[in-house]
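Heads up, the thing below is written out as structure tokens.
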Amino acid sequence: MRDSLQRQAQQFANDLTGLLNATVANGPTISAVKLSDGKYRIGCGLTRSNLVQPSPISLTLTKKPPLLYLRAAHTLTLDNIDNQWLTVATTSYAIQTKPGKGQGTLFRYDYTHDVANVYPEAHFHVNAPVGEDYKKVFEARGRARDPLSALHFPVGGTQHGPGGTHYRPILEDIIEMLVVEKLVDAHPKWQTAVAHGREKYYETQLKAAVRRNPHIATLV
């Protein structure tokens, strides 16, 4: 059982590594480390001596200093069905102009499963108005000095592909937003990588939904 869960966590980390290096990054490695409570922490640069704070990911395809950084962190925990599968307990994606935690943040996407307060499980924090740091980013990327209202953020319930499946935003949505808004450069086949990631995610979520509601499968 333990090995199976470790493999699941490592596969999740490997998928994120592949996605980033096929789209908007060049070289980061996402790690999976087990916490003392049996959960798994997923992020760049995590080790047994650094279990909590992931390293920032440079959103650049070359050795040139990046204009933007991604701070991404996930916590995986056992699902509440049969304790054989991991599920995402928390997710945080922050886009920043500086590598330090919370420095120059444009927006942050947070998700907490079974949140214990009045706020929605999935939500965005958007910093406004755009400061000088982001004016420089927009200018360097050939954009006008846009307000945040000029950017299009993914939201929960976005539909992708046939079938009308609706799920919370994932890293693929964040990557697509950054590329489409011309805030970062991307590898030539980034769209293929994003589409593949979404397809795998939706398939995984569908399987989880069937495990939670097996009687539905008999009605199809």
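The values are calculated or read from the model by the stated rules, or taken from the named source; none is laboratory data. Bear in mind that the values here come from a model prediction, so they are computed numbers and not experimental data. Here the Cβ is made from the backbone with ideal geometry for all residues, glycine too, and neighbour counts use every protein chain on show.
What number goes with the only condition from (1) at pLDDT below 90; (2) small (Gly, Ala, Ser); (3) surrounded by 14 or more Cβ atoms within 10 Å (Cβ to Cβ) that residue 186 does not pass?
(1)
Across the range 49-84, what is the number of residues that are closer than 21 Å to residue 95 by Cβ, among the polar types (S, T, N, Q) and either modelled with pLDDT under 90 or surrounded by 12 or more Cβ atoms within 10 Å (Cβ to Cβ) (or both)?
5
Give the range 13-27 a look and list any residue that's surrounded by 19 or more Cβ atoms within 10 Å (Cβ to Cβ) and out of contact with any helix residue (DSSP H, G or I) (no Cβ under 6 Å at 6 or more places or on another chain), or say none. Give the derivation first.
Of the residues in the range 13-27, the ones surrounded by 19 or more Cβ atoms within 10 Å (Cβ to Cβ) are 13, 16, 19-20, 22-25.
Within the range 13-27, 13, 16, 20, 25 qualify.
Can you say whether residue 115 is touching an Asp or Glu at 6+ places or on another chain (Cβ under 9 Å), more than 28 Å from residue 180 (Cα to Cα) and at pLDDT below 90, as far as the supplied structure shows?
Working: touching an Asp or Glu at 6+ places or on another chain (Cβ under 9 Å): yes; more than 28 Å from residue 180 (Cα to Cα): yes; at pLDDT below 90: yes.
Judged against the criteria, residue 115 is a match.
At least 1 residues that are within 19 Å of residue 185 (Cα to Cα) and in contact with a strand residue (DSSP E or B) (Cβ under 8 Å, 6 or more places away or on another chain) in each: list the strands (runs of 3 or more DSSP E) lying fully within the range 33-113 that qualify.
Numbers: elements: 40-44, 69-78, 86-96, 105-112.
The strands (runs of 3 or more DSSP E) meeting that bar are 69-78, 86-96, 105-112.
Say whether the condition of being modelled with pLDDT under 70, under 17 Å from the mean Cα position of the chain (by Cα), outside any strand (DSSP E or B) and not basic (Lys, Arg) is met by at least one residue in the range 142-155.
Yes, some residue in the range 142-155 is modelled with pLDDT under 70, under 17 Å from the mean Cα position of the chain (by Cα), outside any strand (DSSP E or B) and not basic (Lys, Arg).
Are any of the residues in the range 14-25 farther than 30 Å from residue 143 by Cα, assigned to a loop (DSSP other than H, G, I, E, B) and either β-branched (Val, Ile, Thr) or without any contact (Cβ under 8 Å) to a residue 60 or more places away in the chain (or both)?
Checking the range 14-25: not a single residue is farther than 30 Å from residue 143 by Cα, assigned to a loop (DSSP other than H, G, I, E, B) and either β-branched (Val, Ile, Thr) or without any contact (Cβ under 8 Å) to a residue 60 or more places away in the chain (or both).
Go through the range 63-110 and give me each residue that's under 30 Å from residue 214 (Cα atoms) and of a type in the set (S, T, N, Q).
75, 77, 80, 83, 84, 87, 90, 91
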